[in-house]
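These notes are about the structure you will find just below.
The values are calculated or read from the model by the stated rules, or taken from the named source; none is laboratory data. Only a predicted model underlies this, so the values are computations on that prediction, with no experimental measurement involved. All Cβ positions, even for glycine, are placed from backbone atoms using ideal geometry, and neighbour counts span all protein chains on display. Ligands, DNA and RNA are excluded from the accessible area calculation, which covers all protein heavy atoms including side chains. Shrake-Rupley method; radii C 1.70, N 1.55, O 1.52, S 1.80 Å.
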Amino acid sequence: MSSPTPPPSPPLAARKHQPSGTATLSVFDAIAIMVGLVVGIGIFRTPSLVAANVDSEFAFIAVWVAGGVVTLIGALCYAELSAAQPHAGGEYHFLSRAYGKPLAMLFGWARGSVIQTGAIAGVAFVLGDYAAQLLPLGPYGPALYAAMAIILFTGINVIGTIQGKRLQIAMTCIQISAIAAIIAFGLLGSPDATPPAPVAAIPEGTAALGLAMIFVLLTYGGWNEAAYLTGELKDAPRTIASVLVLGTAILVTLYVLTNLALLAVLGLDGLRNSDAVAADMMRSVTGPAGATLVSIAILVAAISTLNATIFTGARVYYAMARDLTLLPSVGVWDERGKNPANGLILQGIVALVLVAMGAATRDGFKAMVDYTAPVFWGFLLLTGLALFVLRFREPDRVLPYKVPFYPLTPILFCLTCAYMLHASIAYTGIAALVGLAVLAAGAPLLLFRRKTALETAPATAIAQESD
């Protein structure tokens, strides 16, 4: 979860520039970027949710491998779309070309009201779960920490303070180091013999599989950004498949080893009972000091992810406001802070409402996954189908990269998305229906669509995103 997170927009460099013909990324560079995009803080929270929905240790590991296969299939489909339709708008552009601007605008609404804000609230809840390990604040402690973090970092971004590239690299290193520590201590350490507490029975059949895959594929989230590297990858038509296959293999290896380590120490029942799996595992192997250390490392990584998600997310509100006649003040660029300050404030308010909704449930993070999942998988399904639509509509278009085994590969991807859409509605909580209701509430906004686009943001907006 690189942001944990839901379907992200393309990398900033890809969004600001069209492919210029000057490829600068080697296969190694592209693989490193892909791994960095996907590995997020979700791996420190989702294993317990996956464990709660499988009935054996074998099934627990198998779903992580299956998630890697789905990730690879999806990335191959996105590689064709992004190579054939190089555009700063990413999925917005794919959907617009295939189905028209109204559906693309509905996708923009979904990002601003469900996907991105749900990701912000979800990351904030992970931060809260691990902060509560260090300083408990009672039963609503994680939600209180989540709300305070959103207020703090929204305020920082409104002022105009942003994180630099070196800080982001440092945070990523801390994140990878925490994962490495989990693998090393879990596979080599000796856990205590304390038996795990009993847990409730898991759902049966496809319900359990659907829920488990929702959380696994959330953790693999970010792969769709990797496909946008085709514009800057050397000899992309020949090398993109190697990048995607090797990158996915590394991710599967990393996640499977991490979960094997957690399983070795906590066991399946121990995982099901944990809201902070990394801290609980380290506490079992090294004592309270190890749990504190890993909690601090994950807390730092969560802060970085939250700040980055808040920073990029408000651009959706800014862009949407400039396409609509409603809320014109949200489409104003703040020259003092060099950011869409009103968009940041609106985003923060929506995220705080979601935190309050999550606080009313037993597990705020799971509630945010439920809230975003149906909308996420619905638009991912439409993007997969867009590959067929665009091939049919533009048969003469040159395809720099073609998805292998067409049409089988995109059919498998679309069927997976359709199943996940079904699972995210049928087997999740009330929050999933709330997410769909919020999406539907955005439909009337199309009546306020501007006939002509406003001028683009000043150059400072581009400079701001490049930092």
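At-a-glance table
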quantity: Per-pair calculated FRET efficiency, R0 = 35 Å: Ile349 and Ser56 via Cβ, rounded to 0.05; calculated: 0.20
quantity: Neighbourhood charge, 12 Å Cβ-Cβ cut-off, centred on Phe376 and excluding it, Lys, Arg +1 and Asp, Glu -1; calculated: -1
quantity: 5 Å-binned pair-distance histogram of the stretch 269-311 (Cα, whole percent); calculated: 5, 24, 21, 19, 15, 9, 5, 1
quantity: Solvent exposure of the stretch 343-447 as accessible area per residue, Å², 1.4 Å probe; calculated: 45
quantity: Accessible carbon and sulfur surface of the stretch 350-422 relative to its total accessible area, %, 1.4 Å; calculated: 72
quantity: Estimated vicinal HN-Hα couplings, Hz - the stretch 348-356 in sequence order (Karplus 6.51, -1.76, 1.60; Gly, Pro = x); calculated: x, 5, 4, 5, 5, 4, 5, 4, 4
quantity: Share of carbon and sulfur in the accessible heavy-atom surface of the stretch 76-156 [1.4 Å probe, %]; calculated: 73
quantity: Mean Cβ neighbour count within 10 Å, used as a protection proxy, ranking 69-82, 128-141 highest first; calculated: 69-82, 128-141
quantity: Shape of the stretch 401-447, Cα gyration tensor, a/c cut at 1.5; calculated: oblate
quantity: Under Karplus coefficients 6.51, -1.76 and 1.60, residue-wise ³J(HN,Hα) of the stretch 282-296 in Hz, glycine/proline x; calculated: 5, 5, 5, 8, 10, x, x, 4, x, 5, 5, 4, 5, 5, 5
quantity: Estimated translational D of the stretch 337-408 in µm²/s (Stokes, Kirkwood radius over Cα pairs; 10 °C; 1.306 mPa s); calculated: 98
quantity: The stretch 340-379 shape via C-alpha gyration tensor axes, a/c threshold 1.5; calculated: oblate
